[in-house]
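Colleague: One structure, pasted below without further comment.
Laboratory data are not the source of any read-out in this text; all were calculated from the coordinates shown. The structure presented is a predicted model; accordingly, all values stated were derived computationally and were not measured. Positions of Cβ are backbone-derived with ideal geometry, glycine not excepted, and every protein chain shown enters the neighbour counts.
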Amino acid sequence: MIRSDWTMAEARAIHALPFADLMHRAQTLHRAHFDPNAIETASLLSIKTGGCPEDCSYCSQSAHHETGVKATKLIGTDEVLAAARRAKASGAQRFCMGAAWRSPKDRDMDKLCDMVRGVSELGLETCMTLGMLSPEQVARLKAAGLDFYNHNIDTSPEYYAQIATTRTIEDRLDTVEQVRKGGIKVCCGGILGMGEAEEDRIAMLVTLATLPAHPDSVPVNLWNEIEGVPVPVQARAQAVDPFALVRIVALARILMPASVVRLSAGRTGMSDELQALCFLAGANSIFVGDQLLTTGNPAAWKDQDLLTRLGMHVAPAQVRARVAAE
Ligand code: SAM
Ligand code: DTB
Ligand code: SF4
């Protein structure tokens, strides 16, 4: 059953299950809703890098931190389409374009819509992540054919003020709601490893799982360490326990059984065994290609090798008949 009335107590109890019980429950739901051996692939391109007015404490692209990332203008549509062709040739199913903005300027909208149309014409699914959107901007992107919009809540409502002060989690949730109402599929998740407590990770998932509709996809990022940003020292010293990551992936799968769960940033530091456990726990999407936005991602051959050794395959994530599963 798809539920939107999860409580923190229920989520905590699931998260604390003995490992084999947790994995069994996650895998059972995963199989009911998806082909458990299929992994969806998306490729990322930074279309406007750095110089962002927001002060997100984890991000290399905020103008508030000295990270060495060079600020660029919005790149040209031709450059975007060339990258999209390369992504398609290397097997990506979706092309996600990211901009280091608080929100797009109306003067950029024509160009953004051209990018969406051009990428769609190549036969790729389209995704953008541009910051906050007005309802009019949502409508324009929808009319251009945008399939997905990524806008993460990043952490729990309680911890949010520790990771950004130039906006609130309510601002993020407002944009997510506008996107959903505008008929664009929602991609919304967060980051582990920024000094948050276990309770915050659970609360982040409960926040997503109690929205009027679950996000269509839920990216789970492991914080990619950036020099020069103010993420608390204890977060840098303590790497996220691999089993804590697996438990969060399993909880996401159980709370939002028909959503695609993407194992997102941080895979370069993960062993093959840990990634396999995440797939078993219900992760069924990855970013492919050497680069995320400003940080690295495993080489394409490594991902292919991993999937081959696991006997898994790249395929669009198609939700199986929900009725049968419910
Ligand atoms: N500026 C837009 C926004 O914030 O929505 C779009 C781009 S922003 C870089 C997209 C997402 O990337 C953030 O919400 C965050 O979840 C993720 N992110 C940024 N820096 C990261 C890092 N160092 N490690 C992991 N995820 C990160
Ligand atoms: C998401 O949740 N992760 C992606 C995508 N959505 C836009 C971004 C990860 C960025 C990692 C840090 C960087 O490369 O700058
Ligand atoms: Fe800007 Fe997005 Fe980075 Fe925040 S996460 S600083 S909004 S690019």
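Colleague: Just to be sure I understand: with springs between alpha-carbon atoms less than 10 Å apart, which residue in Trp223, Trp301, Trp101 has the highest mean-square fluctuation in the Gaussian network model of the chain?
Modeller: Trp301
Colleague: Which one, Ala252, Ala84, Ala71, has the greatest fluctuation when you compute a Gaussian network model over the chain with C-alpha springs under 10 angstrom?
Modeller: Its mean-square fluctuation being the largest, the pick is Ala71.
Colleague: Roughly what % antiparallel, to the nearest 5, for the DSSP beta bridges in the stretch 17-312?
Modeller: Numbers: 1 of 32 bridges.
Antiparallel bridges make up about 5 percent of those DSSP assigns within the stretch 17-312.
Colleague: Another question, then. Sort by residue number and report every cysteine in the chain with no other cysteine beta carbon within a distance under 4.7 Å.
Modeller: Cys52, Cys113, Cys187, Cys188, Cys278
Colleague: Normalising by the residue count of the chain, find the relative contact order in percent from Cα pairs under 8 Å and 6+ residues apart. Before the final figure, lay out the partial values.
Modeller: Details: 646 pairs, mean separation 85.6, N = 326.
Computed value for the chain: 26 percent relative contact order.
Colleague: Counting trypsin sites (Lys or Arg not before Pro) as exposed when in a DSSP loop with at most 16 other beta carbons within 10 Å, what is the longest stretch of the chain free of them?
Modeller: Excluding the exposed sites themselves, the longest stretch runs over 106-319.
Colleague: Of the candidates Ser134, Ser285, Ser259, which one comes out as most mobile in a Gaussian network treatment of the chain with C-alpha springs shorter than 10 Å?
Modeller: Most flexible of the set in this elastic network: Ser134.
Colleague: Roughly how many whole Å is it from the C-alpha centroid of the stretch 22-89 to that of the stretch 185-201?
Modeller: 15
Colleague: Now for a different question. Among the listed pairs Lys185/Lys302; Lys70/Lys302; Lys73/Lys181; Lys111/Lys181; Lys142/Lys181; Lys48/Lys181, which are separated by more than 20 Å between their Cα atoms?
Modeller: From the list (Lys185/Lys302; Lys70/Lys302; Lys73/Lys181; Lys111/Lys181; Lys142/Lys181; Lys48/Lys181), the Cα-Cα distance tops 20 Å for Lys185/Lys302; Lys70/Lys302; Lys73/Lys181; Lys111/Lys181; Lys48/Lys181.
Colleague: Compute the length gained on full extension between Ser271 and Phe243: take 0.36 nm times their separation in residues and subtract their Cα-Cα distance, giving the result in nm to one decimal.
Modeller: Separation in residues times 0.36 nm, less the Cα-Cα distance, equals 8.9 nm.
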